[in-house]
1. Between 0 and 90 degrees, rounded to the nearest ten: what's the tilt of helix 3-15 against the longest Cα principal axis of the chain?
2. For an R0 of 22 angstrom, estimate the FRET efficiency from the Cβ-Cβ distance between Glu161 and Ala11 and round to the nearest 0.05.
3. With the full set of protein chains in place, find how many percent of the accessible area of the stretch 1-41 is carbon and sulfur; take the probe as 1.4 Å.
4. Suppose a student asked you for the relative contact order of the chain, using Cα pairs under 8 Å spaced at least 6 residues apart; what percent would you report?
5. Within the stretch 57-147, what whole-number % of the accessible surface is contributed by carbon and sulfur, with the 1.4 Å probe and all protein chains included in the calculation?
6. Where does each of 9-17, 117-125, 165-173 land if you order them by average Cβ count within 10 Å, highest first?
7. Calculate, in nm to one decimal, what Ile34 and Arg59 gain on full extension: separation in residues at 0.36 nm each, minus their alpha carbon distance.
8. Over the stretch 12-116, give the accessible area per residue in Å² for a 1.4 Å probe, as an integer.
Amino acid sequence: MTKQTLRAEMAARVKNLSETYCREADEAICRRVIQSDAYEKAQTIFCYVGTAREIDTMRLIHIMMRDGKKVAVPLCVAAGVMEARRIEGMGDLVSGRYGILAPRLQCPKAEPEEIDLVIAPCCTGNARGHRLGYGGGYYDRYLPQTRCPAMLLCRRHLLREDIPVESHDVKMDYLVTEKGVVRCE
């Protein structure tokens, strides 16, 4: 199976998930993240802002700020290239590339070496740390610049064992589903 085929299959699967399941799973995933050791140890967290088909991370971002964490979110600056920009509140988010909420251009950059934890999105993932993104390569280019763990958020009904893996694909350190946090092998 190609990555493109699997992305299409997972998009169809997401459409068939009930709103109730997604809301409950997303809330449980956020709870699992904030209860994790990786979260506890992190001072600066780079977290994506979820779209309608992804885990809703807005509540998680609110909690991070409440907990005194420095929060950075992605700003796409070119095809396949993103930066982490620090936000102080939700007012720092505006509609960006692809209609995804992104930080204002005035938000300060967080250098990759400042980040203690990256929270990444996916179409699907598995407990071996394999992640299928949306095809832009943003995280596969960004993650090698960091020196911190990467955490993948994925609803349990979207997990797949048979993810095509290429040499440039970066493995995740943790997989978080509504059922728990798994240290990837």
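The values are calculated or read from the model by the stated rules, or taken from the named source; none is laboratory data. Keep in mind the model is a prediction, meaning the values are calculated, not measured. Positions of Cβ are backbone-derived with ideal geometry, glycine not excepted, and every protein chain shown enters the neighbour counts. The accessibility values were calculated without ligands, DNA or RNA, using every heavy atom of the protein model including side chains. Shrake-Rupley method; radii C 1.70, N 1.55, O 1.52, S 1.80 Å.
1. 80 degrees
2. Working: r = 19 Å, r/R0 = 0.85.
With a Förster radius of 22 Å, E is 0.70.
3. Values: 1190 of 2620 Å².
For the stretch 1-41, the apolar C and S fraction of the accessible surface comes to 45 percent.
4. Numbers: 359 pairs, mean separation 43.9, N = 185.
Once divided by the residue count of the chain, the mean separation gives 24 percent.
5. Details: 2090 of 4190 Å².
Ligands and nucleic acids excluded, carbon and sulfur give 50 percent.
6. Values: 9-17: 12.9, 117-125: 24.9, 165-173: 14.6.
Result, highest mean first: 117-125, 165-173, 9-17.
7. Values: separation 25, 0.36 × 25 = 9.00 nm, distance 1.10 nm.
7.9 nm is the gain from fully extending Ile34 to Arg59.
8. Working: 5620 Å² over 105 residues.
Per residue, the stretch 12-116 has 54 Å² of solvent-accessible surface.
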